[in-house]
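Since the structure comes first, as structure tokens, the remarks are kept for the end.
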């Protein structure tokens, strides 16, 4: 309760309003005829897929917000829309550190979108092949993000890359090796250091531990918590794994069939789930 | 040949198209304008881009000079020059100062060009992002969004691997602070000549069907880091075997018969003028670019 009060006083860092992403021709009734109540995200009238429907939420500075849901629930589409990898069908997104949060990010030119994404955001994908250029060296990958954010001093770039790599415990001797030659866990850590390179106010993490073995998962989670403590970066963590969400996040959104069905403090959602789907999810935890 | 073919070989509609594309290229410095590259009696990849530009802008009063890597006498240069002269009847020259249009492959003349001259460069690969990105759709998007970080990483990796940027030709430049551009395979030596020049530079890639331009007095800055500057070739201690020049771009020549290695001016017309001058023949040598 006290936390909720505190939050309402603060300006949100990120505001998302009525964000929808529909794949297909889409008709007027797409949003009405899909969703958790209909048990489907495919519009029966036109066959379009409503990956995200009217999603609204706030993210406050310094917090970690979790998005949880089964596969196909729209989590990844949501996060990719926020990083401009996907173009949402409709909706508004405001970022406090861009033009004072007054400009809808979805309405700006692609050149400006690129600026926002290079200067104000970082992303870690589930698959390192999406986030890293495997034919650039590890240092080169970090340099790419820094160069995109207007760093043009090789010495400074290398210093920063070394800082980041030692933070994520990659041996510095391997800085100029290709990430292709790294293990999955190492690739993921390089991806995290790349995403952190330009000190982004907002970090997006898309299923970062999926597919890694348990000890490496724990390392990555530790690393993320450590980064959050040290830099106070605001993060959105997408996962289908409640354990990850419980370990990392303060607040959680639960998604099903492209809609947010429940949201609240992570503890509350876990202890006292309201929506039948959330109850099912919690009960299915091993 | 005149009478059988149109003036300048290509038909007037094609010339009009190329002139329109040239105007667009001049209006957006460094931007690659697609054009419908026509068939010519020489194969694509042998200077057809430059040739189509030259034939579209040349008039009866013009004087043409054609060079191939600085040389007026190579087979390619001679054939292109003969073709232009035969189909237009214009005068030709080897003197940089006398020419009004110079078509060139991979060099900019040693003598500084003036505002009343045009340099037409033949371009094999117009896309500077091709160093890092094979897809044309993707490179166009990158240009549109001014997303050059991949190109920069490429240069960064060169420094990490070799301690310097090893590109000796096609060195990427930023034009007018907006477009990354391939200056065609001119050596690094010639790249600074493009910056704030008095001359109009036109670039034609016939095989790749692209035209681009650098208008006079445009900023052309090679991509460089704050701690690793762009550098031109260093010929310290070297000189031209024939004219003794120490401040021109030199080719290293290997004599197969004697086994001798020596350096010689790449710009043969400039070299010949200096040799004439030193043997007492009156000759006018133009100002230099780096005075």
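The values are calculated or read from the model by the stated rules, or taken from the named source; none is laboratory data. Everything quoted here is computed from the prediction, not taken from an experiment. Here Cβ is always computed from backbone atoms with ideal geometry, including for glycine, and neighbour counts include all displayed protein chains.
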ask   = Could you list, in sequence order, the residues of the range B:160-176 that are surrounded by fewer than 21 Cβ atoms within 10 Å (Cβ to Cβ), within 13 Å of chain A (Cβ to nearest Cβ) and at pLDDT below 95?
value = B:160, B:161, B:162, B:163, B:164
message = From the list A:84, A:57, exactly one residue is in contact with a helix residue (DSSP H, G or I) (Cβ under 8 Å, 6 or more places away or on another chain), surrounded by fewer than 22 Cβ atoms within 10 Å (Cβ to Cβ) and touching a residue at least 24 places away in the same chain (Cβ under 8 Å). Which is it?
response = A:84
task = Quickly run through the range A:93-120 and pick out the residues that are within 14 Å of chain B (Cβ to nearest Cβ) and either closer than 15 Å to residue A:79 by Cα or under 21 Å from the mean Cα position of the chain (by Cα) (or both).
result = A:108, A:110, A:112, A:113, A:114, A:115, A:116, A:117, A:118, A:119
task = Could you grab me the full set of residues in the range A:22-42 that are farther than 15 Å from residue A:72 by Cα and crowded, with 17+ Cβ neighbours inside 10 Å?
result = A:26, A:30, A:31, A:33
inquiry  = Could you check the range B:142-159 and list, in sequence order, the residues that are facing chain A (nearest Cβ under 8 Å) and assigned to a helix (DSSP H, G or I)?
reply    = B:144, B:149, B:150, B:152, B:153, B:156, B:157, B:159
Residue list for the range B:177-195, filter: within 14 Å of another protein chain (Cβ to nearest Cβ) and on the phi > 0 side of the Ramachandran plot = B:177
task = Taking residue A:56 as the residue in question, decide whether it is under 30 Å from residue A:284 (Cα atoms), away from chain B (no Cβ under 14 Å) and in a loop (DSSP other than H, G, I, E, B).
result = no
ask   = Out of curiosity, is residue A:64 more than 14 Å from chain B (Cβ to nearest Cβ), touching a helix residue (DSSP H, G or I) at 6+ places or on another chain (Cβ under 6 Å) and touching a residue at least 60 places away in the same chain (Cβ under 8 Å)?
value = yes
query = Which of (1) over 25 Å from residue A:78 (Cα atoms); (2) in contact (Cβ under 8 Å) with a residue 24 or more places away in the chain is the odd one out, the single condition residue A:166 does not satisfy?
reply = (2)
request  = Provide a single number: the residues in the range B:228-268 that are closer than 13 Å to residue B:110 by Cα and either at pLDDT below 95 or outside any strand (DSSP E or B) (or both).
outcome  = 8
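Might you let me know whether the range A:185-198 holds any residue that is over 27 Å from residue A:152 (Cα atoms) and over 18 Å from the mean Cα position of the chain (by Cα)?
Yes - at least one qualifying residue is present in the range A:185-198.
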task = Among the residues of the range A:191-219, write down those that are outside any helix (DSSP H, G or I), in contact with a strand residue (DSSP E or B) (Cβ under 7 Å, 6 or more places away or on another chain) and closer than 26 Å to residue B:154 by Cβ.
result = A:200
query = Can you pull out the helices (runs of 4 or more DSSP H) entirely within the range A:121-190 that have at least 2 residues that are modelled with pLDDT under 95 and away from chain B (no Cβ under 14 Å)?
reply = A:128-131, A:154-167
task = Would you mention how many residues in the range B:66-89 are touching a helix residue (DSSP H, G or I) at 6+ places or on another chain (Cβ under 8 Å) and surrounded by 18 or more Cβ atoms within 10 Å (Cβ to Cβ)?
result = 11
query = Can you name every residue in the range B:212-230 that is away from every other protein chain (no Cβ under 14 Å) and either loosely packed, with under 12 Cβ neighbours inside 10 Å or out of contact with any helix residue (DSSP H, G or I) (no Cβ under 9 Å at 6 or more places or on another chain) (or both)?
reply = B:216, B:217, B:219
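Take the conditions in a helix (DSSP H, G or I), surrounded by fewer than 22 Cβ atoms within 10 Å (Cβ to Cβ) and within 14 Å of chain A (Cβ to nearest Cβ) and apply them to residue B:138. Does it pass?
Yes, satisfied.
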Residues located in the range B:6-30, provided they are in contact with a helix residue (DSSP H, G or I) (Cβ under 7 Å, 6 or more places away or on another chain), assigned to a loop (DSSP other than H, G, I, E, B) and crowded, with 18+ Cβ neighbours inside 10 Å = B:8, B:10
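Please go through the range A:236-286 and give me each residue that is assigned to a loop (DSSP other than H, G, I, E, B) and over 21 Å from residue A:225 (Cα atoms), ordered by number.
Within the range A:236-286, A:257, A:258, A:272, A:273, A:274, A:275, A:284, A:285, A:286 qualify.
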